[in-house]
Amino acid sequence: MTTRSPAPADSLPDVLLPVPAEPTVAFSVSFGAGSRHDPPGKEGLAYLAGLMLAEAGTKHRRYEEILEALYPLASDYGVRIDKERTTLTGRTHRDNVDRYVPLFTEAYLAPAYDARDFERLKSDAINEIENTLRYASDEELGKAALHAFVFEGTSYAHPPEGTASGLRSVTLDDVREFHRVHFTAENVVIGLGGGFDDALARRLTATKQALPAAASTVERGAGETTGSRDAARPARLAAASDSPIAPRPIRRNEVLLLDKPGADASISFGFPIGVRRGEPDFYALAIAVSWLGEHRNQASHLFQVIREIRGLNYGDYAYIEAFPEGGERTMPPVNVPRCQQLFEVWIRTLPNAHAHFALRAAVRELERLGDAGLRREDFELTRAFLEKYALHFAETTARRLGYAIDDRYYGREQEGHLERFRRMMRTLTLEDVNTAIARHLRGQSLKIAMVTGAAEDLKESLASGAPSPIEYATPKPRHVLDEDREIERYAVPVARDAIRIMRADQAFER
Amino acid sequence: LCFNRETPGGPGHGTDVSGIIPYPTHLHSLPNGLKIVLMPMPGNGLVAYWTIVRTGSREEYEEGRTGFAHFFEHMMFRGTERYPSELYQRILTEIGADANAYTTDDLTAYHVSTAGEDLQRVIELESDRFRHLAYSPQDFETEAGAVYGEYRMSRMDPLFTLHEAIVENAFDVHPYGHTTMGYEADIAAMPGLYAYSRAFFARYYRPDNAILLIAGEIEPGRVLELVDRHYAAWQPGYVPPPVPAEPPQRGERRIDVEYDGRTLPTAWVAYKIDAFDPSNVRRVAADLLADLAFGPTSEAYRRLVLDEQAVEYLDAGASANRDPGLLEVQARIKEPAQIDRVLGVLDETVERYRSAPPDEGRLGAPKSRLKYEFLMGFETPDHAAQRLARHLAIGGGLDGLEALYAAYERVTPDDVQAAAAAYLAAERRTVGVLRGRA
């Protein structure tokens, strides 16, 4: 399978991944606008604008007619609204392409802006914040809280879903305006993968010309402005023209405790990192962080220390790119490209009495990595692992399409990220990795978010820096207990005035 | 080599693709009872290697042992004498495999997605742990802590709380009455059950209770040779558990469930249905019934979700189980004041399907949907294996699956009504309503 160049620009979609033998076709239409473009006070506008494409009626059919038409095809389409982009994706069986394509294309070409659809989606979105995010998964709440904490004051702070008060203030006219300004011919990338033919490729491309032309000046939200762009040029993604996200520097450890009565502890901590896909340091860090905490991988180090040896929780992972819905997926997501990423550690739910200990254990491992670097043996093993493991990042055509579209965002059209990733695993040296660790990772000046039912106790424990020994239900070997003596006293200094407590039921209110 | 071929077409001779499964399948069994399903298919260089143990929480019939099948799944990663867990993990790391496992009511599945060139090593590793699993009491106790952590995560989810209460009330004696996670008290007591864990392994982790499913870019003959070499000495001795039969339910059960947090109220109505059996027309028709009555094109959906917008989410499905299971309807309701009215609409819907057959013209859509839903699930070897695993576990082979899709095509409106009349009776159901804190 090859990636074909998208020329000439006016006759073929931007990204084509033909797999002639494949019985299904994957579709993707990605707009360069996301939650960072929410105007202040209307956090959630991009989210509703995206949902109004994927889960609402069009000028040609009411939503129930769309459901009726999609149903026998066992196909649908969905939307991912993230910070930078809004991506409509779908997949259908080759037998059903002719019935599916009108439904899929009408979704972005001819939204109906039906008030009843809007009301339904807005109410669902508010529920998503008020009930699901705040209550249904403390781990997701903890991760969203960390992102808000790190990006406080920037347009990356609020979750892509918005805030409760922001969503309440969004109107249907706001959605129309968002579409008019952002969902334009020059701001879209169209992709097609699997068993499609040239006629279908041309048909999809034609829809691009049916999108509105770019508005002359576009308010990019939060004071960011871009000038007009030439609509005839192939779509270049908006990131380059968006102003950078500049989170406030973190000068000491800072803690946000989300007080949720009855909850166990779910911990996320991290800090912004200035590396992105394509840069050599990204791949060097990928090796280091995979060794430290590859997502859902039992061999990784944090997993070994916290779960495998001590049985404190279900898993412990580390990331250098956003990884939403981590509890539900084993492989990295697509369609969440960002211009500013976090280094992030996720310590899964554990008893409150173990929270301080687990935090110390994780920070200690991070500092040890920073101090000593990766050992040669671990470097060799991890890069060999990743070179093959990367095959699993995009097992399906739909996911390869997602990666290819993300490549456009990161300016990786020549050598795609996955290809480069595997090549870099062969060419990077231990020195490259350890230089990248020294340059980008640190074990202090962290932002730490915890959902907990014991906020006051944890505040006291963290601020005092008192030892946090833990008890095991069953005997542990001597060497583990000896190491525990070090962990329970490990310094993660937090000044009392650097600890904030917020009620979980107020999270993401505004 | 000594294989019993169960379907035409041995190694190197693909069976015809005439049924619902879009790739040729080769079915074999070893003299020790181990079944092997091979499915050559495109895989971008990847092979899915699944070991399906036909034991899940269904086999937890003993007092105080709920959650044990799932816990035991964790122990399967704790190594053997030859490949202690560190070495096992190291090899999987070296070959960049994506390996994991899951447990449900009727099965436990161990899956490895690997580059085809590493298949032989995977066969060595996997056969070794199924034959020679060995772990210390300390490892056993430590892993119990991780399982408790998993429970802590799950209980945050209001639907988990409601589901736990529904099955507990719906079943009097059958182990389907507890979730695969198990009761918290039993999870807390797990560290003391080391000896039981060895007995559990000896009873259920036997070749005559397991199926290997290998899909992707494979040479069936070569793979069979390797499987024979590594699994032939695995000793049979499966002990079928005395799973108690659930007596017929004789009256409606209603429960109110509190959730310690905020949530939209959720109604969950669970009707007792027959075990999965593609020759049981009524049971086959129940799959279409659930979709017709409560799916996204149903009148109930249109009314409750789209027009009145009283319900955020409405879904229904009939479980495919070895023993009689449940047809469940769930509705997340926007306002507590609307709960009774929504339950009323669900009841009206049930009554309509019980009293008259649906229009003939409405049956084509769910039949088409079932077919394409299945076909679109074969995107990768791993997806394909996932698609087949439950049916293999329930039926022990793929015949049931082929029979099922053929049977869907034959379902008539009268069959749907008969299924509704038989299953959707008030005395067969448990109605649960979950409410959160105000």
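Here are some notes:
- Looking across region B:327-347 at every residue that is aliphatic (A, V, I, L, M) and buried (at least 19 other Cβ atoms within 10 Å of the Cβ), the one that is nearest to the other protein chains (Cβ to nearest Cβ) is identified as B:ILE333.
- Of the residues contained in region B:101-110, one or more are found to be more than 14 Å from B:ALA210 (Cβ to Cβ) and not in a strand (DSSP E or B).
- Qualifying residue in region A:346-355 (condition: within 8 Å of chain B (Cβ to nearest Cβ), open to solvent by 30 Å² or more (accessible area, probe 1.4 Å), touching a residue at least 40 places away in the same chain (Cβ under 8 Å) and within 20 Å of the chain's Cα centre (by Cα)): no
- Within region A:306-338, the set of residues being within 11 Å of chain B (Cβ to nearest Cβ) and part of a loop (DSSP other than H, G, I, E, B) comprises A:ILE309, A:ARG310, A:GLY311, A:LEU312, A:ASN313, A:TYR314, A:GLY315, A:GLY327, A:THR330, A:MET331.
- Some residue of region A:40-49 being at pLDDT 95 or above and either of a type in the set (S, T, N, Q) or touching a Leu at 6+ places or on another chain (Cβ under 7 Å) (or both): yes
- Residues that are modelled with pLDDT of 95 or more, open to solvent by 40 Å² or more (accessible area, probe 1.4 Å) and in a loop (DSSP other than H, G, I, E, B) occur in region B:276-294; there is at least one.
- Among the residues making up region B:348-376, those that are surrounded by fewer than 16 Cβ atoms within 10 Å (Cβ to Cβ) and either facing chain A (nearest Cβ under 8 Å) or under 27 Å from the mean Cα position of the chain (by Cα) (or both) are B:GLY364, B:GLU373.
- Any chance A:GLU460 is open to solvent by 50 Å² or more (accessible area, probe 1.4 Å), outside any loop (DSSP other than H, G, I, E, B), touching a strand residue (DSSP E or B) at 6+ places or on another chain (Cβ under 8 Å) and modelled with pLDDT of 95 or more: no
- In region A:315-340, of all residues being open to solvent by 30 Å² or more (accessible area, probe 1.4 Å) and among the charged types (D, E, K, R), the one that is farthest from A:LEU441 (Cα to Cα) corresponds to A:GLU328.
- Residue match in region A:389-410 (condition: assigned to a helix (DSSP H, G or I), touching a helix residue (DSSP H, G or I) at 6+ places or on another chain (Cβ under 9 Å), more than 9 Å from chain B (Cβ to nearest Cβ) and under 21 Å from B:ILE91 (Cα atoms)): yes
- Qualifying strands (runs of 3 or more DSSP E) (wholly inside region A:22-105; at least 1 residues being of a type in the set (Ser, Thr, Tyr), within 14 Å of chain B (Cβ to nearest Cβ) and open to solvent by 10 Å² or more (accessible area, probe 1.4 Å)): A:77-81, A:86-93
- Enumerated helices (runs of 4 or more DSSP H) restricted to region B:175-234, each holding at least 2 residues that are in contact with a strand residue (DSSP E or B) (Cβ under 7 Å, 6 or more places away or on another chain) and either closer than 20 Å to B:LEU119 by Cα or free of Cβ contacts under 8 Å to residues at least 60 places away in the same chain (or both): B:220-231
- Test for B:ALA109: is it in contact with a strand residue (DSSP E or B) (Cβ under 6 Å, 6 or more places away or on another chain) and surrounded by 23 or more Cβ atoms within 10 Å (Cβ to Cβ): yes
- Matching residues in region B:86-103 - criterion: being surrounded by fewer than 19 Cβ atoms within 10 Å (Cβ to Cβ) and under 27 Å from the mean Cα position of the chain (by Cα): B:ASN100, B:ALA101, B:TYR102
The values are calculated or read from the model by the stated rules, or taken from the named source; none is laboratory data. All of these numbers come straight from a predicted model, not from anything done at the bench. Virtual Cβ from ideal backbone geometry, glycine too; neighbours counted across all protein chains shown. In case anyone asks, the SASA skips ligands and DNA or RNA and just uses the protein heavy atoms, side chains included. Shrake-Rupley method; radii C 1.70, N 1.55, O 1.52, S 1.80 Å.
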